[in-house]
1. Scanning for something in a helix (DSSP H, G or I), farther than 20 Å from Cys56 by Cβ and not small (Gly, Ala, Ser), does region 203-218 turn up at least one residue?
2. So which helices (runs of 4 or more DSSP H) stay within region 1-111 end to end and still have 1 or more residues that are open to solvent by less than 30 Å² (accessible area, probe 1.4 Å), at pLDDT below 90 and more than 23 Å from Ile283 (Cβ to Cβ)?
3. Just to be sure I understand, how many residues within region 30-52 are in contact with a helix residue (DSSP H, G or I) (Cβ under 7 Å, 6 or more places away or on another chain) and polar (S, T, N, Q)?
4. Going through region 221-248 one residue at a time, which ones are crowded, with 21+ Cβ neighbours inside 10 Å and either in contact with a Lys or Arg (Cβ under 7 Å, 6 or more places away or on another chain) or among the small types (Gly, Ala, Ser) (or both)?
5. Taking Ser299, is it open to solvent by 80 Å² or more (accessible area, probe 1.4 Å), modelled with pLDDT under 90, among the small types (Gly, Ala, Ser) and in contact with a helix residue (DSSP H, G or I) (Cβ under 7 Å, 6 or more places away or on another chain)?
6. May I ask you to list pairs of residues, at least six apart or on different chains, whose Cβ atoms are under 7 Å apart, with the first in region 237-253 being more than 15 Å from Leu305 (Cα to Cα) and the second being aliphatic (A, V, I, L, M) and open to solvent by 30 Å² or more (accessible area, probe 1.4 Å)?
Amino acid sequence: MSNAHVVLFPFTWIAEDRARELSAWFGSPLMLLQTTGRLSEDIARLERQGFVSPKCPVPEMNEALQLRIEACRKWMEVHPQQQDMAFLKAIAHLPSDDEAMSAHIRGEILRYGRRESPAATKDPLLDALVFLHLAEELDRQQVAVETELKRVEHLETSVFRKLIGEDSDTEELSMTRLPGGILEGDTEPDHPEERLRAWALLALQEPDLPNVWLTTSRLVMESIIEAVPEIGERKVILPWKEDPELAVRELCNLLGAEGMCEPFPVSMSIDTYVLEGRSPKNILNALRSRSWVQTGATSDTRTVLLHLSP
């Protein structure tokens, strides 16, 4: 959708197949990054191809982030058995099922990061940036593992079909796209509530944040509705199954866009939530504090949330 200004949330990384798909419908969505360090090759390639528009709202925090990440890596080298989400929660000073473990991990990380100034350790924004950075690494690993498992399963099925005499050719065996329309980016994140809270702190630093938000995660959408109940009450029902073309036109009208760049697949649908009188900042503050305060709507603001689902 060439004229729609959309921000992806709450992720700082996206698989190439998913980025290509989204860009065909929504132009080049904004993707907020937690660092101005050299872009990873995959994200830089997506930017060159026009699939995403990466941006870091807090370039001045890059040095402090790198120092904290270095301390985290040293800690993980000594404690390889504890490289899990409890570690990520401890990094970001988030609530944990085992607060004693989180406190222990935080203390050891700070000992490893002696070059960090004491004030930086109390900065909630820096904590959020570290969490997003490490969660991004977890996303990459999870997608890589799940993609390989799906490819192996697809290969086994294709070989079996060939053995029993069903059609199966070399091109099918070497498919880069996974069977059944499954994309490499179709994985759900760990701990979506913490992701949203950390991303909200980052997004609050972006002065030009779009008022159209897009996620591909069901868990994320459920978490944001739980944090801001009003969102769930503002769902707009579009006829994706009955009349996909009409649904696309109605969605374009909601977003103020002229039209899709490519036909929208009938097998896909978009859950659309339109909050009249609510600005992105209202929602971000609610996500950050996990407290939604019901206030009067402002007539000149609107936020649209989109959940793309198969």
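1. Step one: of region 203-218, the residues in a helix (DSSP H, G or I) are 203, 218.
With the extra rule that they be farther than 20 Å from Cys56 by Cβ, the set shrinks to 218.
Adding the requirement that they be not small (Gly, Ala, Ser) leaves 218.
For region 203-218, residues in a helix (DSSP H, G or I), farther than 20 Å from Cys56 by Cβ and not small (Gly, Ala, Ser): present.
2. Numbers: elements: 16-26, 41-48, 62-78, 85-91.
Because the criterion is at least 1 residues that are open to solvent by less than 30 Å² (accessible area, probe 1.4 Å), at pLDDT below 90 and more than 23 Å from Ile283 (Cβ to Cβ), the helices (runs of 4 or more DSSP H) in region 1-111 that meet it are 16-26, 62-78, 85-91.
3. Number satisfying all stated conditions: 3.
4. Correct list: Ser223 only.
5. Working: open to solvent by 80 Å² or more (accessible area, probe 1.4 Å): yes; modelled with pLDDT under 90: yes; among the small types (Gly, Ala, Ser): yes; in contact with a helix residue (DSSP H, G or I) (Cβ under 7 Å, 6 or more places away or on another chain): no.
The answer is no for Ser299.
6. That search, which allows pairs on different chains as well, returns Pro239/Leu246; Pro244/Val266; Val248/Met260.
The values are calculated or read from the model by the stated rules, or taken from the named source; none is laboratory data. For clarity, every value in this text was computed on a predicted model and none was experimentally measured. Neighbour counts are summed over all protein chains in view; Cβ atoms, including those assigned to glycine, are modelled from backbone coordinates with ideal geometry. Side chains included, ligands, DNA and RNA excluded: accessible areas come from the protein's heavy atoms. Shrake-Rupley method; radii C 1.70, N 1.55, O 1.52, S 1.80 Å.
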